[in-house]
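Beneath this line is the structure, given in structure tokens, with notes to follow.
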Amino acid sequence: MAEAFAHIASELVELATTLHSRGLLQGTSGNLSAVVNREPLQLAITPSGADKGQLSVSKILSIDNNCVVLNEAAGKPSDESPLHIAVIKARDAGAVVHTHSVWATVLSDLHFPESGLTIEGYEMLKGLQGVTTHEHREWVPILENSQNMSALASAVDEALKTNVAAHAFLLRRHGLYTWGRDLKEAKRHVEILEFLFEAVGRLRRL
């Protein structure tokens, strides 16, 4: 288990560094997690308040189903850890990534009255797991942000049960949450979705 955690922690650091360099995790924003063990549930997760461009493996936390820290790493898990756990349980995901891009934040505000954002007709949609045609219609639910993480986690769980085909959701004026069977797939989903958000946003400007 220790070897598995060390490997996943290294992958988290690498991905966090990459996303930070692309402007998706500025300041101390965003968080990433990956499943180390299913039964009992154990996650590797980035710490709260950390610069994602300056992470090290020693800073990655191990938490259980109740967000209790299991290892001796300094720091505390993100306040949004319950959202990661909600996604992992609802989607049987192996990794969750939360980014803070300009386009995701703007679109989450503009489309909040419709409770979501529709994206269709773009070739890049085929990068999402299970999508085989550009004619796919992707619905991205948008939830109101809250500092009550227990209530927000329940809202996330309900949204994912209602929107079973969704690959992601947005928190209003906050950012993107997406996931994958592993970190590789979650990374791909981030890249695809952030590209699509920018394409949609720029088209609206035109």
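The values are calculated or read from the model by the stated rules, or taken from the named source; none is laboratory data. The model shown is predicted, which means the values in this text are computed figures rather than measured ones. Here Cβ is always computed from backbone atoms with ideal geometry, including for glycine, and neighbour counts include all displayed protein chains. All accessible areas refer to the heavy atoms of the entire protein, side chains included, with ligands and DNA or RNA removed. Shrake-Rupley method; radii C 1.70, N 1.55, O 1.52, S 1.80 Å.
With the requirement that a residue be within 18 Å of residue 102 (Cα to Cα) and open to solvent by 70 Å² or more (accessible area, probe 1.4 Å), what does the range 168-187 give you?
173
Being open to solvent by less than 20 Å² (accessible area, probe 1.4 Å), in a loop (DSSP other than H, G, I, E, B) and not aliphatic (A, V, I, L, M) is the filter here; which residues of the range 55-93 pass it?
Once the filter is applied, which keeps residues that are open to solvent by less than 20 Å² (accessible area, probe 1.4 Å), in a loop (DSSP other than H, G, I, E, B) and not aliphatic (A, V, I, L, M), the range 55-93 yields only 78.
Among the residues of the range 10-32, is any over 16 Å from the mean Cα position of the chain (by Cα) and part of a strand (DSSP E or B)?
No, every residue in the range 10-32 fails to be over 16 Å from the mean Cα position of the chain (by Cα) and part of a strand (DSSP E or B).
Give all pairs with beta carbons closer than 8 Å in which a residue from the range 153-167 that is in contact (Cβ under 8 Å) with a residue 60 or more places away in the chain meets a residue that is surrounded by fewer than 16 Cβ atoms within 10 Å (Cβ to Cβ); count only pairs at least 6 apart in sequence or on separate chains.
Listed pairs, sorted by first residue: 157/89.
Quickly run through the range 33-54 and pick out the residues that are among the basic types (Lys, Arg) and either open to solvent by 20 Å² or more (accessible area, probe 1.4 Å) or not in a loop (DSSP other than H, G, I, E, B) (or both).
Residue satisfying the conditions is 38 alone.
Taking the options 104, 165, 151, name whichever one is at pLDDT 95 or above, of a type in the set (Gly, Ala, Ser) and surrounded by 20 or more Cβ atoms within 10 Å (Cβ to Cβ).
Residue meeting the stated conditions: 104.
Scan the range 117-139 for residues that are surrounded by 12 or more Cβ atoms within 10 Å (Cβ to Cβ) and either in contact with a Gly (Cβ under 8 Å, 6 or more places away or on another chain) or closer than 25 Å to residue 26 by Cβ (or both) and report the count.
The total comes to 8.
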